[in-house]
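Engineer: Just passing along the structure, written as C-alpha coordinates.
The values are calculated or read from the model by the stated rules, or taken from the named source; none is laboratory data. Predicted model only: the values in this text are computed from it and were never measured. Glycine gets a Cβ as well: all are built from the backbone with ideal geometry, and neighbour counts include every protein chain shown. Remember, those area values only see protein heavy atoms, side chains included, never the ligands or the DNA or RNA. Shrake-Rupley method; radii C 1.70, N 1.55, O 1.52, S 1.80 Å.
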Amino acid sequence: MPDTLTGTTPRPDARPDARPDARPGFFAGRSPGQPGLAVFANAGDPPLAALPELAAMLDENGVDCLELAVPFPGSATDGPVIRRSADRALAGGTTLHSVLDAVAAIRPGLGRLRIALLADWSHSVKGTDLGDFARTVADAGCDALLLHGLPPRLRAAHYAAARDAGLPLVTTCYAVSDPQTVSEAARHASAYVYLVAHYGRTGTTTAADPDRLAAALTLLRARTTAPVAVGFGIRTRADIAALEDLGADAAVVGSAGVARIEQALTEGHDPVEEFASFVRELLHPFPGHPTKGNPT
(Lines give C-alpha, C1' and ligand atoms only; values in the text may rest on other atoms or scores of the structure.)
Protein backbone atom coordinates (compact mmCIF):
# COMPACT_ATOMS: atom_id res chain seq x y z
CA MET A 1 0.00 0.00 0.00
CA PRO A 2 1.38 3.47 -0.85
CA ASP A 3 2.76 5.53 2.01
CA THR A 4 0.32 8.25 3.06
CA LEU A 5 3.03 10.90 3.21
CA THR A 6 4.58 10.49 -0.23
CA GLY A 7 2.40 8.13 -2.20
CA THR A 8 5.37 5.75 -2.51
CA THR A 9 5.20 2.03 -1.92
CA PRO A 10 7.60 0.99 0.88
CA ARG A 11 10.25 -1.58 0.01
CA PRO A 12 9.50 -5.18 1.04
CA ASP A 13 12.33 -5.14 3.60
CA ALA A 14 11.27 -1.85 5.19
CA ARG A 15 10.84 -1.96 8.95
CA PRO A 16 9.02 0.59 11.12
CA ASP A 17 11.93 0.94 13.55
CA ALA A 18 15.08 0.80 11.43
CA ARG A 19 16.34 -0.28 8.05
CA PRO A 20 18.92 -3.10 8.32
CA ASP A 21 22.15 -2.44 6.46
CA ALA A 22 25.23 -4.63 6.68
CA ARG A 23 27.33 -2.62 4.22
CA PRO A 24 30.29 -0.56 5.46
CA GLY A 25 29.88 3.11 6.24
CA PHE A 26 30.28 6.03 3.87
CA PHE A 27 33.69 6.28 2.15
CA ALA A 28 34.91 3.08 3.80
CA GLY A 29 37.59 0.85 2.33
CA ARG A 30 39.69 3.58 0.78
CA SER A 31 43.46 3.21 0.71
CA PRO A 32 45.82 6.13 1.36
CA GLY A 33 45.90 8.35 -1.70
CA GLN A 34 42.38 7.31 -2.68
CA PRO A 35 39.97 9.85 -1.17
CA GLY A 36 36.29 9.11 -1.42
CA LEU A 37 34.09 10.85 -3.94
CA ALA A 38 30.55 12.17 -3.65
CA VAL A 39 28.92 13.78 -6.66
CA PHE A 40 25.88 16.01 -6.62
CA ALA A 41 22.95 15.89 -9.02
CA ASN A 42 19.46 17.30 -9.03
CA ALA A 43 16.96 14.49 -9.40
CA GLY A 44 15.22 15.10 -12.71
CA ASP A 45 18.23 16.68 -14.45
CA PRO A 46 18.81 14.72 -16.62
CA PRO A 47 15.17 13.51 -16.66
CA LEU A 48 14.27 11.13 -13.87
CA ALA A 49 13.91 8.25 -16.33
CA ALA A 50 17.71 8.40 -16.74
CA LEU A 51 18.41 8.00 -13.01
CA PRO A 52 18.76 4.19 -13.13
CA GLU A 53 21.40 4.47 -15.85
CA LEU A 54 23.15 7.36 -14.08
CA ALA A 55 23.25 5.56 -10.72
CA ALA A 56 24.46 2.31 -12.29
CA MET A 57 27.23 4.21 -14.08
CA LEU A 58 28.39 5.84 -10.84
CA ASP A 59 28.30 2.50 -9.04
CA GLU A 60 30.30 0.74 -11.76
CA ASN A 61 32.92 3.49 -11.75
CA GLY A 62 33.53 3.28 -8.01
CA VAL A 63 31.89 6.53 -6.90
CA ASP A 64 31.05 6.34 -3.21
CA CYS A 65 28.04 8.60 -2.90
CA LEU A 66 25.40 10.28 -5.02
CA GLU A 67 24.15 13.39 -3.25
CA LEU A 68 20.73 13.44 -4.86
CA ALA A 69 18.76 16.63 -4.42
CA VAL A 70 15.00 16.91 -4.52
CA PRO A 71 14.93 20.02 -6.72
CA PHE A 72 13.71 23.27 -5.23
CA PRO A 73 13.62 26.81 -6.61
CA GLY A 74 15.65 29.86 -5.68
CA SER A 75 18.34 28.28 -3.49
CA ALA A 76 20.24 31.02 -1.67
CA THR A 77 23.36 28.85 -1.41
CA ASP A 78 23.56 27.77 -5.06
CA GLY A 79 25.01 29.54 -8.05
CA PRO A 80 23.42 29.77 -11.50
CA VAL A 81 24.52 26.33 -12.73
CA ILE A 82 22.72 24.39 -10.02
CA ARG A 83 19.79 26.80 -10.00
CA ARG A 84 19.22 26.23 -13.72
CA SER A 85 19.48 22.49 -13.13
CA ALA A 86 16.82 22.64 -10.42
CA ASP A 87 14.58 24.72 -12.65
CA ARG A 88 14.86 22.16 -15.46
CA ALA A 89 14.01 19.34 -13.08
CA LEU A 90 11.03 21.20 -11.64
CA ALA A 91 9.80 22.09 -15.12
CA GLY A 92 9.92 18.37 -15.92
CA GLY A 93 7.56 17.63 -13.03
CA THR A 94 10.05 16.19 -10.52
CA THR A 95 8.60 15.94 -7.01
CA LEU A 96 9.57 14.41 -3.69
CA HIS A 97 7.16 11.56 -4.45
CA SER A 98 8.73 10.77 -7.81
CA VAL A 99 12.28 11.01 -6.45
CA LEU A 100 11.61 8.58 -3.61
CA ASP A 101 9.85 6.19 -5.98
CA ALA A 102 12.90 6.31 -8.26
CA VAL A 103 15.31 5.64 -5.38
CA ALA A 104 13.21 2.71 -4.18
CA ALA A 105 13.35 1.20 -7.67
CA ILE A 106 17.11 1.49 -8.17
CA ARG A 107 18.46 0.92 -4.67
CA PRO A 108 18.35 -2.92 -4.67
CA GLY A 109 20.56 -3.10 -7.75
CA LEU A 110 23.40 -0.93 -6.42
CA GLY A 111 26.55 -2.23 -4.79
CA ARG A 112 29.08 0.36 -3.63
CA LEU A 113 27.13 3.52 -4.34
CA ARG A 114 25.23 5.10 -1.51
CA ILE A 115 22.51 7.70 -1.97
CA ALA A 116 22.33 10.73 0.32
CA LEU A 117 19.07 12.57 -0.24
CA LEU A 118 19.23 16.36 -0.05
CA ALA A 119 15.83 17.89 0.68
CA ASP A 120 14.92 21.51 1.35
CA TRP A 121 12.80 21.98 4.43
CA SER A 122 10.64 24.80 3.09
CA HIS A 123 9.96 23.21 -0.30
CA SER A 124 9.70 19.49 0.55
CA VAL A 125 9.23 19.01 4.28
CA LYS A 126 7.46 21.99 5.87
CA GLY A 127 4.07 20.99 7.21
CA THR A 128 5.07 17.32 7.46
CA ASP A 129 5.81 15.50 10.70
CA LEU A 130 9.59 15.06 10.87
CA GLY A 131 9.25 11.50 12.11
CA ASP A 132 6.99 10.52 9.23
CA PHE A 133 9.34 12.18 6.78
CA ALA A 134 12.44 10.42 8.13
CA ARG A 135 10.74 7.01 8.07
CA THR A 136 9.54 7.52 4.50
CA VAL A 137 13.02 8.54 3.32
CA ALA A 138 14.57 5.53 5.04
CA ASP A 139 11.96 3.11 3.70
CA ALA A 140 12.52 4.36 0.14
CA GLY A 141 16.11 3.12 0.42
CA CYS A 142 18.01 6.36 0.92
CA ASP A 143 21.25 5.77 2.79
CA ALA A 144 21.34 9.19 4.42
CA LEU A 145 19.56 12.53 4.62
CA LEU A 146 20.88 16.07 4.36
CA LEU A 147 18.11 18.49 5.31
CA HIS A 148 18.68 21.96 3.86
CA GLY A 149 17.37 25.12 5.48
CA LEU A 150 16.02 23.51 8.65
CA PRO A 151 15.04 26.15 11.25
CA PRO A 152 17.29 25.91 14.33
CA ARG A 153 14.28 25.39 16.60
CA LEU A 154 13.57 22.07 14.83
CA ARG A 155 17.07 20.60 14.92
CA ALA A 156 16.58 18.53 18.06
CA ALA A 157 13.37 17.02 16.66
CA HIS A 158 15.13 16.32 13.35
CA TYR A 159 17.99 14.50 15.06
CA ALA A 160 15.58 12.43 17.14
CA ALA A 161 13.39 11.58 14.13
CA ALA A 162 16.34 10.37 12.08
CA ARG A 163 17.68 8.32 14.98
CA ASP A 164 14.30 6.66 15.54
CA ALA A 165 13.99 5.87 11.81
CA GLY A 166 17.49 4.40 11.62
CA LEU A 167 18.32 7.03 8.99
CA PRO A 168 21.95 8.25 8.95
CA LEU A 169 22.42 12.01 8.80
CA VAL A 170 24.73 14.26 6.84
CA THR A 171 25.48 17.35 8.90
CA THR A 172 27.14 20.53 7.68
CA CYS A 173 29.47 23.21 8.90
CA TYR A 174 31.81 25.75 7.34
CA ALA A 175 35.56 25.92 7.63
CA VAL A 176 35.03 29.24 9.42
CA SER A 177 32.15 28.09 11.65
CA ASP A 178 32.37 28.78 15.35
CA PRO A 179 33.41 25.88 17.62
CA GLN A 180 29.85 25.35 18.87
CA THR A 181 28.53 24.85 15.31
CA VAL A 182 31.40 22.50 14.46
CA SER A 183 30.76 20.49 17.61
CA GLU A 184 27.04 20.15 16.85
CA ALA A 185 27.78 18.97 13.31
CA ALA A 186 30.33 16.48 14.62
CA ARG A 187 28.05 15.16 17.35
CA HIS A 188 25.08 14.44 15.09
CA ALA A 189 26.81 13.17 11.94
CA SER A 190 25.97 9.51 11.48
CA ALA A 191 26.70 9.36 7.71
CA TYR A 192 29.34 12.06 7.24
CA VAL A 193 30.09 15.70 7.95
CA TYR A 194 29.90 17.96 4.91
CA LEU A 195 32.58 20.58 5.54
CA VAL A 196 31.89 23.60 3.32
CA ALA A 197 35.24 25.02 2.23
CA HIS A 198 34.18 28.66 2.12
CA TYR A 199 31.19 30.98 2.25
CA GLY A 200 29.42 31.85 -0.96
CA ARG A 201 27.36 30.06 -3.57
CA THR A 202 28.10 26.80 -5.30
CA GLY A 203 30.04 27.11 -8.51
CA THR A 204 32.09 30.07 -7.34
CA THR A 205 35.79 30.24 -8.11
CA THR A 206 36.83 31.35 -4.64
CA ALA A 207 39.84 29.32 -3.53
CA ALA A 208 39.66 27.65 -0.14
CA ASP A 209 42.27 28.58 2.45
CA PRO A 210 44.21 25.32 3.01
CA ASP A 211 45.35 26.33 6.49
CA ARG A 212 41.79 27.11 7.54
CA LEU A 213 40.54 23.85 6.05
CA ALA A 214 43.26 21.88 7.81
CA ALA A 215 42.38 23.52 11.13
CA ALA A 216 38.68 22.72 10.66
CA LEU A 217 39.48 19.11 9.78
CA THR A 218 41.63 18.79 12.89
CA LEU A 219 38.82 20.18 15.05
CA LEU A 220 36.30 17.76 13.54
CA ARG A 221 38.65 14.79 13.93
CA ALA A 222 38.78 15.48 17.65
CA ARG A 223 35.00 15.46 17.92
CA THR A 224 33.68 12.72 15.62
CA THR A 225 34.51 9.35 14.15
CA ALA A 226 32.29 10.08 11.13
CA PRO A 227 34.09 10.73 7.85
CA VAL A 228 34.51 14.31 6.69
CA ALA A 229 33.81 15.29 3.08
CA VAL A 230 34.79 18.72 1.78
CA GLY A 231 32.80 20.57 -0.87
CA PHE A 232 32.43 23.95 -2.64
CA GLY A 233 34.95 24.85 -5.29
CA ILE A 234 36.03 21.24 -5.90
CA ARG A 235 36.22 20.79 -9.67
CA THR A 236 39.21 18.68 -10.69
CA ARG A 237 41.28 15.66 -9.79
CA ALA A 238 43.98 18.04 -8.54
CA ASP A 239 41.47 19.62 -6.14
CA ILE A 240 40.57 16.18 -4.79
CA ALA A 241 44.22 15.21 -4.34
CA ALA A 242 44.85 18.43 -2.42
CA LEU A 243 41.98 17.63 -0.04
CA GLU A 244 43.38 14.17 0.59
CA ASP A 245 46.72 15.76 1.50
CA LEU A 246 44.88 17.91 4.05
CA GLY A 247 43.29 14.84 5.62
CA ALA A 248 39.76 14.90 4.19
CA ASP A 249 38.05 11.55 3.79
CA ALA A 250 36.24 12.57 0.62
CA ALA A 251 35.43 15.36 -1.79
CA VAL A 252 32.00 16.56 -2.85
CA VAL A 253 31.83 17.71 -6.48
CA GLY A 254 28.74 19.63 -7.53
CA SER A 255 28.58 22.47 -10.03
CA ALA A 256 31.38 21.20 -12.28
CA GLY A 257 29.53 17.96 -12.93
CA VAL A 258 26.13 19.62 -13.26
CA ALA A 259 27.64 21.96 -15.85
CA ARG A 260 28.68 18.95 -17.91
CA ILE A 261 25.13 17.61 -17.78
CA GLU A 262 23.82 21.00 -18.89
CA GLN A 263 26.32 21.15 -21.74
CA ALA A 264 25.29 17.69 -22.96
CA LEU A 265 21.60 18.56 -22.85
CA THR A 266 22.21 21.83 -24.69
CA GLU A 267 24.26 20.17 -27.42
CA GLY A 268 21.98 17.15 -27.79
CA HIS A 269 24.47 14.66 -26.39
CA ASP A 270 23.88 11.85 -23.90
CA PRO A 271 24.11 13.47 -20.43
CA VAL A 272 24.91 10.16 -18.70
CA GLU A 273 27.82 9.50 -21.04
CA GLU A 274 29.09 13.05 -20.54
CA PHE A 275 28.81 12.72 -16.77
CA ALA A 276 30.61 9.37 -16.93
CA SER A 277 33.48 11.03 -18.79
CA PHE A 278 33.66 13.69 -16.10
CA VAL A 279 33.67 11.11 -13.29
CA ARG A 280 36.51 9.20 -14.91
CA GLU A 281 38.51 12.41 -15.15
CA LEU A 282 38.08 12.84 -11.39
CA LEU A 283 39.05 9.27 -10.54
CA HIS A 284 41.80 8.58 -13.09
CA PRO A 285 44.84 9.82 -11.13
CA PHE A 286 44.41 7.49 -8.17
CA PRO A 287 46.36 4.26 -8.82
CA GLY A 288 44.48 1.08 -8.13
CA HIS A 289 41.08 2.75 -8.00
CA PRO A 290 38.35 0.27 -9.00
CA THR A 291 37.16 2.32 -11.96
CA LYS A 292 36.29 -0.02 -14.80
CA GLY A 293 36.84 2.54 -17.50
CA ASN A 294 40.14 3.92 -16.23
CA PRO A 295 43.25 3.42 -18.30
CA THR A 296 46.16 1.92 -16.41
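Engineer: Which value, in Å², gives the accessible area per residue of segment 106-188 when a 1.4 Å probe is used on the protein heavy atoms? Show your work: numbers first, answer last.
Structural biologist: Details: 3300 Å² over 83 residues.
With the other protein chains kept in place, segment 106-188 gives 40 Å² per residue.
Engineer: Under the rule of at least 5 residues apart or a separate chain, name every residue whose amide H is placed under 5 Å from the amide H of ALA69.
Structural biologist: For ALA69, whose amide H was placed from the backbone, the distant partners under 5 Å are ALA41, ASN42, ALA43, LEU118.
Engineer: Hey, what did segment 36-121 get for relative contact order, percent, Cα under 8 Å, at least 6 apart? Let's see the in-between values first.
Structural biologist: On the way: 120 pairs, mean separation 36.8, N = 86.
Normalised by residue count, the contact order of segment 36-121 is 43 percent.
Engineer: Charges only on Cβ, +1 for Lys and Arg, -1 for Asp and Glu: so what's the dipole of segment 19-140 about the Cα centre, in debye to the nearest 20?
Structural biologist: 180
Engineer: Next question. Please list 119-125, 105-111 highest first by mean number of surrounding beta-carbon atoms within 10 Å per residue.
Structural biologist: 119-125, 105-111
Engineer: Can you give the Rg to Rh ratio of segment 29-116, both from alpha-carbon atoms, with Rh computed by the Kirkwood formula?
Structural biologist: Result: Rg/Rh = 1.00.
Engineer: Expressed as a whole percentage, what fraction of the accessible surface of segment 25-158 belongs to carbon and sulfur atoms when a 1.4 Å probe is rolled over the protein heavy atoms?
Structural biologist: Values: 2530 of 4610 Å².
Solvent-exposed carbon and sulfur of segment 25-158 make up 55 percent of the total.
Engineer: Would you please classify the overall shape of segment 56-105 from the alpha carbon gyration tensor, given that a ≥ b ≥ c denote the square roots of the eigenvalues, rounded means a/c under 1.5, and beyond that prolate means a/b larger than b/c while oblate covers the rest?
Structural biologist: Values: a/c = 2.45, a/b = 1.38, b/c = 1.77.
The shape class here is oblate.
Engineer: How far apart, in nm, are the 7 Å Cα→Cβ label points at THR128 and ARG221?
Structural biologist: About 3.8 nm separates the two model spin labels.
Engineer: Counting only the heavy atoms of the protein chains, how much of HIS148 is accessible to a 1.4 Å probe, in Å² to the nearest 10?
Structural biologist: 50
Engineer: Related question: Could you state how much accessible area TYR159 has, in square angstrom rounded to the nearest 10, with a 1.4 Å probe and all protein chains kept in place?
Structural biologist: About 40 Å², rounded to the nearest 10.
Engineer: What ranking do 135-142, 270-277 get when scored by the average of other Cβ atoms within 10 Å per residue, highest first?
Structural biologist: 135-142, 270-277
Engineer: Distance in nm between label sites at THR77 and ARG163, each 7 Å beyond Cα in the beta-carbon direction?
Structural biologist: 2.3
Engineer: Kindly report, to the nearest 10 Å², the accessible surface of VAL279 as traced by a 1.4 Å probe over protein heavy atoms only.
Structural biologist: 0
Engineer: Starting from the alpha-carbon convex hull of segment 75-175, give the projected area averaged over all orientations, in nm².
Structural biologist: Result: 7.6 nm².
Engineer: If you don't mind, another one. Quote the relative contact order of segment 72-179 in percent (integer), defining contacts as alpha-carbon pairs under 8 Å separated by 6+ residues. Intermediate values should be presented prior to the final figure.
Structural biologist: Numbers: 97 pairs, mean separation 27.1, N = 108.
Relative CO of segment 72-179 lands at 25 percent.
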